[in-house]
1. How big is the stretch 1-115 by the Kirkwood estimate over distinct Cα pairs, in Å?
2. Using only the Cα atoms of the stretch 185-230, build the gyration tensor, take square roots of its eigenvalues as a ≥ b ≥ c, and label the shape rounded, prolate or oblate: rounded if a/c is under 1.5, else prolate if a/b is larger than b/c, else oblate.
3. Using a Gaussian network model on the chain with a 10 Å cutoff between Cα atoms, which of Leu157, Leu132, Leu193 fluctuates the most?
4. Express in nm, to one decimal, how much length is gained between Lys91 and Ile163 on full extension, taking 0.36 nm for each residue of separation and deducting their alpha carbon distance.
5. Would you mind calculating the relative contact order of the stretch 88-212 from Cα pairs under 8 angstrom and at least 6 residues apart, reporting the percent as a whole number?
6. Which of Leu179, Thr43, Tyr202 sits closest to the plus end of the dipole of the stretch 12-224, meaning its Cα is farthest towards the positive end, when Lys and Arg get +1 and Asp and Glu get -1 on the C-beta?
7. Efficiency by 1/(1 + (r/R0)^6): what FRET value for Leu49 and Lys81, r their Cβ-Cβ distance, R0 = 25 Å, to the nearest 0.05?
8. Let me make sure I get this right: for the chain, a, b and c are the square roots of the gyration tensor eigenvalues over alpha carbons, sorted descending. Under 1.5 in a/c it's rounded, otherwise prolate if a/b > b/c, else oblate. Which is it?
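Nothing in this text is a laboratory measurement; each read-out follows from the coordinates by a stated rule. All of these numbers come straight from a predicted model, not from anything done at the bench. All Cβ positions, even for glycine, are placed from backbone atoms using ideal geometry, and neighbour counts span all protein chains on display.
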Amino acid sequence: MKDTNLNVENIPHHVAIIMDGNGTWAKKRGLPRNLGHRKGAKTLKKIILFSNKIGIKYLTVFAFSTENWSRPQEEVNFLMKLPIEFLNNEKEILKENIKFICIGDKKRLPIDLQKTIDKHEKETTNNSGMNLVVALNYGGKDDIVQAVNHILKDGRLEVNKEIFEKYLYTKNIPDVDLLIRTSGQQRISNFLLWELSYSELYFTNILWPDFNEKQLLKAIDSFNNRVRRYGGIK
């Protein structure tokens, strides 16, 4: 932390990132979209390691949404294989005491991806470093609906916020402090609808493959200079 100007006491506890712009990055270079996704995975590795280093406790990344199934089949197939390759090859991440968690409807994912997720969740369950939360086949509306359906199956006639949260994919994960979205788009795209209720939002024109540690520090510096009132007056 000596090489940054961050307020150490005000590092966001939970940072979420919508990693947007891989396809645009590739198109600008006359490359296939899949190469943009591969470059984006390299960026993700750097951001994971750096986030862990500076003391972020939860890093949640939007890897594949429930709407992404509508993309060309070749791209979908690649995006289903990329997490397997990433988790199996990036041993450096696993050595950093990082805990891996996957949220979303895993039942639709390919069996080999489901097995890889299960393997890494089990292998890292006792790790005490940063929690890396990867959203795969995730949609905020779908998460709320599945939570309601499970509540009904349990026979509950009434719930409060605390009980409802226990039925979400993000149970036991704190709400998001800072949401970062790359590529210039300014929307949340059905991501963590419940958990973003009082998050600070940060949008940058930087495409995800070009996002780096300096850009993350810039987003956190913006967060540090905001006053979070939660509806009150300070």
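1. Numbers: mean 1/r = 0.0630 Å⁻¹.
About 15.9 Å for the stretch 1-115.
2. Numbers: a/c = 2.60, a/b = 1.22, b/c = 2.13.
Judged from the Cα gyration tensor, the stretch 185-230 comes out oblate (a/c at least 1.5, b/c at or above a/b).
3. Leu157
4. Difference between extended and current length: 22.2 nm.
5. Values: 142 pairs, mean separation 28.1, N = 125.
Contact order relative to length: 22 percent.
6. So the residue we want is Thr43.
7. Details: r = 23 Å, r/R0 = 0.90.
That pair, Leu49 with Lys81, gives E of 0.65.
8. Working: a/c = 1.38, a/b = 1.04, b/c = 1.32.
Judged from the Cα gyration tensor, the chain comes out rounded (a/c under 1.5).
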